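FYI, it's all coordinate maths here, none of it is from the lab. Only a predicted model underlies this, so the values are computations on that prediction, with no experimental measurement involved. All Cβ positions, even for glycine, are placed from backbone atoms using ideal geometry, and neighbour counts span all protein chains on display.
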Amino acid sequence: PWERQNKLILIKKRPDFLHAAENGCKIVKSGFVLQAVATRRKFDPPVIRAGFTASKKVGNAVCRNRARRRLRPLCAEFLPTMGIAGYDYVIIARSAVLNRAWHKLRREFQQALAEVAEEINRERESVG
């Protein structure tokens, strides 16, 4: 059973997506772009939130939905263990996500999360 801190909470509001785009760190991979930013909203205890988006560059509605549907299980699998509580993660699908082998997508996602965590820790050290 999922506990509240491990549950994937979805980002649905446009201002939250814009906040991640403007203020967050960004990691680009062939199948997706991962953005991470400290959340604008206060949760007690801090939670990990995820948002998914796919522009029309990815394809028609069927392709965009398939792209998001391929990315969701990656977040459910890796964010509870590798994500940082109190941060929002926005995953932007790229057209390559549709044809990318699953094991390659998983590896890319793990690498992207590790890079984001490294960048966040560097940021925290420079501030504190």
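The conditions of being within 21 Å of Pro15 (Cα to Cα) and out of contact with any Lys or Arg (no Cβ under 6 Å at 6 or more places or on another chain) are met by Val90. Being over 30 Å from Lys42 (Cα atoms), within 17 Å of the chain's Cα centre (by Cα) and buried (at least 20 other Cβ atoms within 10 Å of the Cβ) holds for only one residue in Leu71, Leu105, and it is Leu105.
For every residue, the table says whether it meets (1) loosely packed, with under 12 Cβ neighbours inside 10 Å; (2) touching a residue at least 60 places away in the same chain (Cβ under 8 Å); (3) under 23 Å from Glu123 (Cβ atoms).
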position: Arg14; (1), (2), (3): yes, no, no
position: Gly24; (1), (2), (3): no, yes, yes
position: Lys29; (1), (2), (3): no, yes, yes
position: Arg40; (1), (2), (3): no, no, yes
position: Asn60; (1), (2), (3): yes, no, no
position: Asn65; (1), (2), (3): no, no, no
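Number of residues in segment 45-68 that are under 19 Å from Ala20 (Cβ atoms), among the β-branched types (Val, Ile, Thr) and over 13 Å from the mean Cα position of the chain (by Cα) equals 2. Take the conditions (1) without any contact (Cβ under 8 Å) to a residue 12 or more places away in the chain; (2) on the phi > 0 side of the Ramachandran plot; Gly86 misses just one of them, which is (1). Restricting attention to segment 78-109, the residues that are over 25 Å from His19 (Cβ atoms) and assigned to a helix (DSSP H, G or I) add up to 9.
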